[in-house]
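Quick notes on the structure that follows.
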Amino acid sequence: MVTTEDLKGRDFLTMVDFTREEIETMLLVGIDLKKRFVAYEDHRHILPGRTLFMIFYNDSLRTRNSFEAGMTQLGGHAHFLQPGAIYTPALPGDEIAYETERVSDVSRVLSRMGDAIAIRIYGSKCNWIYGKGQQIQENFAYWSKKPIINMESDVYHPCQGMADIMTIYEKCSHDFNKLQGKKFVMSWAYSAGQKPMAVPQTGVLAPSMFGMDVTLACPPEFDLHPDIIKKVEEHADIYGGSFTIERDMKTGFEEADFVYPKSWGVLEAHGIEGVRPAKPEIMPEIMNKYTDWKTTTELMDVTKKGRGYYMHCLPQDRGMEVDDEVADGPRSIIFDQAENRLHAQKGIMACIMH
Ligand code: CP
């Protein structure tokens with residue numbers, strides 16, 4: 001049996017660094033804290049006086065506010081930092097005099113003053129070099145004596161993944177075993193702008209750890225990184241689920257229990273480095289071929305008994321990715337997911353920062 005002592009001091013950079021049992025423990029702690037929150041039960045004794053430093057290179061509504069509110073509710077404080085207000089943390093070779101400060105220095109300074117450091121960095125903030133955001137987070141972790149929390153990199157969004165599994169668990173009678181055999185569809189959807197890969201990649205990894213039958217529905221240009229696909233296939237073998245790729249949105253949605261249609265970017269083949277994101281300027285040319293990849297009521301009708309749940313991490317492009325009647329409809333659980341960001345992250349912090 002995993003205890004919070006086993007999790008104390010660990011970095012939270014990706015869900016795949018943890019066993020399924022460890023993930024379940026953090027989620028169950030989060031669910032317990034959710035009950036206390038709903039009952040207005042004071043639980044500020046969990047992390048009294050603790051400080052979480054949050055470095056946001058990119059914008060955020062849900063992540064920032066759920067971490068800030070969560071730390072307050074646990075008795076600590078979350079400190080908001082962003083480039084421009086601090087010297088931008090940079091790796092050797094990317095430094096600019098008077099504008100940046102080496103990650104190794106920032107990490108050691110903040111880890112001496114507080115109890116954890118959380119970081120969000122992807123896209124233009126790491127020059128669209130795939131893996132660079134995750135590399136920066138790992139470099140923070142190398143130098144910090146306190147836990148590092150990934151608030152979204154260019155590869156993973158594990159806090160979103162935890163909230164998504166918590167939400168699915170609630171819809172499966174609060175029983176992790178009942179996720180087994182349920183069909184979960186991560187589908188690409190049209191949007192006018194370049195979006196990160198972290199949510200779809202975590203979005204296929206997380207349910208595959210719970211034995212779900214995972215389908216990835218996307219046009220070929222929007223395939224996920226091969227390392228992620230390999231890991232999902234391994235999970236299917238270990239946890240007893242399955243993994244399928246579909247090239248048609250409607251076929252993907254058929255008989256689904258949960259659909260998670262959202263936009264993401266293109267990874268181009270790029271020499272020995274493997275892959276990198278396509279330049280934003282070529283994206284419209286590719287994306288405009290697939291404007292019909294939109295979630296409509298008719299599409300939701302082909303899910304299991306027409307009652308599949310609609311998921312999205314938010315923010316979303318309404319009218320492009322999805323029709324309002326689906327996003328605001330009875331099978332939409334998007335606000336449960338957003339709410340569970342708070343509770344899932346409180347579970348993570350309670351386990352690794354106590
Ligand atoms: N889903 C999510 O991470 O939302 P924010 O970008 O608002 O933090």
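The values are calculated or read from the model by the stated rules, or taken from the named source; none is laboratory data. Every value quoted in this text rests on a predicted model; they were computed, and no experiment measured them. Note that each Cβ is placed from the backbone with ideal geometry, even for glycine, and that neighbours are counted across all protein chains shown. Areas reflect the complete protein model, heavy atoms only, side chains present, ligands, DNA and RNA absent. Shrake-Rupley method; radii C 1.70, N 1.55, O 1.52, S 1.80 Å.
Table: residues versus (1) buried (at least 22 other Cβ atoms within 10 Å of the Cβ); (2) more than 19 Å from the chain's Cα centre (by Cα); (3) modelled with pLDDT of 95 or more.
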{"residue": "Ala192", "(1), (2), (3)": "no, yes, no"}
{"residue": "Pro200", "(1), (2), (3)": "yes, no, yes"}
{"residue": "Met212", "(1), (2), (3)": "yes, no, yes"}
{"residue": "Lys231", "(1), (2), (3)": "no, no, yes"}
{"residue": "Thr244", "(1), (2), (3)": "no, yes, yes"}
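Just for helices (runs of 4 or more DSSP H) wholly inside region 289-354: which have at least 3 residues that are in the same structural domain as Gly70 (by TED's automatic domain parsing) and either at pLDDT 95 or above or at positive phi (or both)?
The helices (runs of 4 or more DSSP H) meeting that bar are 334-352.
Could you list, in sequence order, the residues of region 318-354 that are among the β-branched types (Val, Ile, Thr) and within 16 Å of the ligand (Cβ to nearest atom)?
Passing the criteria: Val322, Ile333, Ile334, Ile348.
Those residues that are open to solvent by 80 Å² or more (accessible area, probe 1.4 Å) and within 18 Å of Ala206 (Cα to Cα), I need them from region 20-46; list them, please.
Glu21, Leu28 - these are the residues of region 20-46 that are open to solvent by 80 Å² or more (accessible area, probe 1.4 Å) and within 18 Å of Ala206 (Cα to Cα).
Do any helices (runs of 4 or more DSSP H) entirely within region 87-175 hold 3 or more residues that are charged (D, E, K, R) and outside the structural domain of Met209 (by TED's automatic domain parsing), and if so, which?
103-113
Failed condition for Ile238, given (1) open to solvent by 10 Å² or more (accessible area, probe 1.4 Å); (2) touching a residue at least 12 places away in the same chain (Cβ under 8 Å), with all others met?
It fails just one condition, (2).
What are the residues in region 187-207 that are assigned to a loop (DSSP other than H, G, I, E, B) and either among the aliphatic types (A, V, I, L, M) or in contact with a Pro (Cβ under 7 Å, 6 or more places away or on another chain) (or both), if any? Show your work before the answer.
Residues of region 187-207 assigned to a loop (DSSP other than H, G, I, E, B): 189-197.
Hits for region 187-207 are Ala189, Ala192, Gln194, Met197.
Give the residue that is nearest to the ligand (Cβ to nearest atom), with candidates limited to residues of region 297-317 that are closer than 17 Å to Arg62 by Cβ and touching a Gly at 6+ places or on another chain (Cβ under 9 Å).
Selected residue: Cys313.
Answer yes if at least one residue in region 226-245 is in a helix (DSSP H, G or I), under 24 Å from Ser332 (Cβ atoms), in contact with a helix residue (DSSP H, G or I) (Cβ under 6 Å, 6 or more places away or on another chain) and not assigned by TED's automatic domain parsing to the domain that holds Ile23, and no otherwise. Write out each step before concluding.
Of all residues in region 226-245, those in a helix (DSSP H, G or I) come to 226-239.
Remaining after also requiring under 24 Å from Ser332 (Cβ atoms): none.
Among the residues of region 226-245, not one is in a helix (DSSP H, G or I), under 24 Å from Ser332 (Cβ atoms), in contact with a helix residue (DSSP H, G or I) (Cβ under 6 Å, 6 or more places away or on another chain) and not assigned by TED's automatic domain parsing to the domain that holds Ile23, which makes the answer no.
Within region 65-108, track down each residue that is in contact (Cβ under 8 Å) with a residue 60 or more places away in the chain, within 16 Å of the ligand (Cβ to nearest atom) and buried (at least 18 other Cβ atoms within 10 Å of the Cβ).
Those that are in contact (Cβ under 8 Å) with a residue 60 or more places away in the chain, within 16 Å of the ligand (Cβ to nearest atom) and buried (at least 18 other Cβ atoms within 10 Å of the Cβ): Ser66, Phe67, Gly70, Met71.
Quick one: in region 109-152, which of the residues that are of a type in the set (Gly, Ala, Ser), within 16 Å of the ligand (Cβ to nearest atom) and buried (at least 24 other Cβ atoms within 10 Å of the Cβ) is modelled with the lowest pLDDT?
Gly133
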